[in-house]
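The values are calculated or read from the model by the stated rules, or taken from the named source; none is laboratory data. It should be emphasised that the depicted structure is a prediction, and the values quoted were computed from it without experimental measurement. Don't worry about glycine lacking a Cβ; one is built from the backbone with ideal geometry, like all the others, and counts go over all protein chains shown. What goes into the accessible areas is simple: the full protein's heavy atoms, side chains included, and nothing from ligands, DNA or RNA. Shrake-Rupley method; radii C 1.70, N 1.55, O 1.52, S 1.80 Å.
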Amino acid sequence: MQLIVLAVLATVAAAAPQYAAPAPSPTRYSGESDEVVAILRDDRVQEDDGSYNFEVETGDGVKLSQNGSPSGPDGSVVKSGQYSYTAPDGTEVLVKYVADENGFQPQSDLLPVAPEFPHPIPDFVLEQIAFAAKEDAERAREESNGPSRTYGAPQ
C-alpha cells in the first residue's frame, strides 16, 4: 500500500507544471542591439533611516546618480539626482532633477522652455481683445438705457 501511495505521489509531482522564467533576450530591452553593455560602477548606500544614494556608470557612457530620504509630507521620499548619456545624434544630454511634493522637476539645456511672461502679444489677439471690449461697452450702454420696448416683438 505504501508503495502505491509513493508511486502516485511521484507521478503527480512529475506531472505538475514546471514554472521557470523565460531566458533573457539581449534585444528584449534594447530593441535594436545584441550588444551587452558593461556596468563599470554600481555604488549603493541604504541608511537605517530610509535615506539612500547610488551611482551607476555603464560602458556606453550612461551615468546616473540619485539620493533620497523620507523627508517629504507624510514620510514620502524626496529625491534628487542627475543622469547623462550621449544621444544617437552625438549630443551630450545632462538632466538634473528633483522629485518631491511638487512632482518631478527636470532641468536641462535641451528641454523646451516656455516664453517668459510678459511676452509680446500678437496684433490679431490685441484686435480681438479690443473688439470684445467694444461689444461689452455697447451691451452695458443698452442695459443702462432700461428695458427694451421691442422685447419679444418681431424685427
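Close Cβ contacts (under 9 Å, 6 or more residues apart or on different chains) running from residues in the stretch 62-80 that are touching a residue at least 60 places away in the same chain (Cβ under 8 Å) to residues that are assigned to a loop (DSSP other than H, G, I, E, B) are absent. Candidates are the residues of the stretch 72-84 that are farther than 14 Å from residue 53 by Cβ and at pLDDT below 95; the one that is surrounded by the most Cβ atoms within 10 Å (Cβ to Cβ) is 72. Is the stretch 53-68 home to any residue that is over 27 Å from residue 37 (Cα atoms) and not aliphatic (A, V, I, L, M)? No. Residues in the stretch 100-121 that are open to solvent by less than 80 Å² (accessible area, probe 1.4 Å) and touching a residue at least 24 places away in the same chain (Cβ under 8 Å): 100 only.
In the stretch 45-57, is there at least one residue being part of a strand (DSSP E or B), at pLDDT 90 or above, open to solvent by 90 Å² or more (accessible area, probe 1.4 Å) and of a type in the set (S, T, N, Q)? Within the stretch 45-57 (the criterion being part of a strand (DSSP E or B), at pLDDT 90 or above, open to solvent by 90 Å² or more (accessible area, probe 1.4 Å) and of a type in the set (S, T, N, Q)), the answer is yes, since at least one residue qualifies.
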